[in-house]
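Heads up: the structure comes next, in structure tokens.
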Amino acid sequence: MPRPAPSSLLSNGFPEVERWFGLLDRRVRTEYAASTQARAFGRKRQSWLHVGSGAMQTDAKIRKESGTESDPRGPGCSLRHFACEQNLLSRPDGSASFLQGDTSVLAGVYGPAEVKVSKEIFNKATLEVILRPKIGLPGVAEKSRERLIRNTCEAVVLGALHPRTSITVVLQIISDAGSLLACCLNAACMALVDAGVPMRALFCGVTCALYSDGTLVLDPTAKQEKEAQAVLTFALESVERKLLMSTTKGLYSDAELQQCLAAAQAASQHVFCFYRESLQRRYSKS
């Protein structure tokens, strides 16, 4: 006579035991789902506190930590609040989300990794930058920003340490509320740091808006950029505040250009200070 299966024993001889195991199984699954949902909500809430800008208390805290709320040069020359969170994505070797006011960019870095033979450079790494808009396909503006960001990264990345390899920086625009190129530069820098790519210095982006009456506004919004006579974006390195890249739009004089550059160099100190504080909070043992 064949031996009955354990499930038939429970169903035929022990119906109460079967019901008990069924209730226990449902209870365990319910508790596991509840705990998983709670952990997910905790991670989501923590990410929102670091990246989001909707809550007034969080916004005030970020402003206080960044130290960029006021500036002695005038009320119009203050930077917006910053927020940054690293290691958000699992597939890239490094990632970072950078929030600058209401402008947000997500960056991911892949490499140093294997490179195609057609793109291989025998004495240094091949650096590529891909900028993806919020909606639609990349256009002329995105391709122009890709070139500017790539030139900036190539100026600081020590590609000679990884010849015949590829380093790819992918930037996804989350929201554009002004000073987009500067936010992309800051996100790319923090993602490169998270990936451990060797660099001779850090870099940051600062955007200046110049009005017809001579007023200078740092880190302008999209509305301020439209109303400005000229918009200038600078990429600066952290060691000697040297200029790595600049792009301009509009009319300005040589004296106004030097004024905007000096203001950007002074503002870059606040950005690099925020870099330092953000990395200290992440890697501190406490």
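The values are calculated or read from the model by the stated rules, or taken from the named source; none is laboratory data. Everything quoted here is computed from the prediction, not taken from an experiment. So basically every Cβ, Gly included, is an ideal-geometry build from the backbone, and we count neighbours across all protein chains shown. Each accessible area value is taken on the protein alone, full model and side chains, heavy atoms only, with ligands, DNA and RNA left out. Shrake-Rupley method; radii C 1.70, N 1.55, O 1.52, S 1.80 Å.
Here's how it looks for T103: its modeled amide H is under 5 Å from those of A177, which are all 5 or more places away or on a different chain. Carbon and sulfur atoms: what percent of the 1.4 Å accessible area of region 127-286 do they account for? Carbon plus sulfur share of accessible area: 52 percent. Relative contact order of region 76-217, taken over Cα pairs closer than 8 Å and 6 or more residues apart, is 32 percent.
Taking 0.36 nm per residue of separation and subtracting the Cα-Cα distance, full extension of the segment from K143 to A201 would add 18.4 nm. Label positions at K116 and A266, each projected 7 Å from the Cα along the C-beta direction, are separated by 4.7 nm.
Loop-located chymotrypsin sites (Phe, Trp or Tyr not before Pro) across region 96-163 with a Cβ neighbour count of 10 or fewer within 10 Å are F122, with loop assigned by DSSP.
So what is the accessible area of region 186-286 per residue, in Å², with the probe set to 1.4 Å?
Working: 4780 Å² over 101 residues.
I get 47 Å² per residue for this part.
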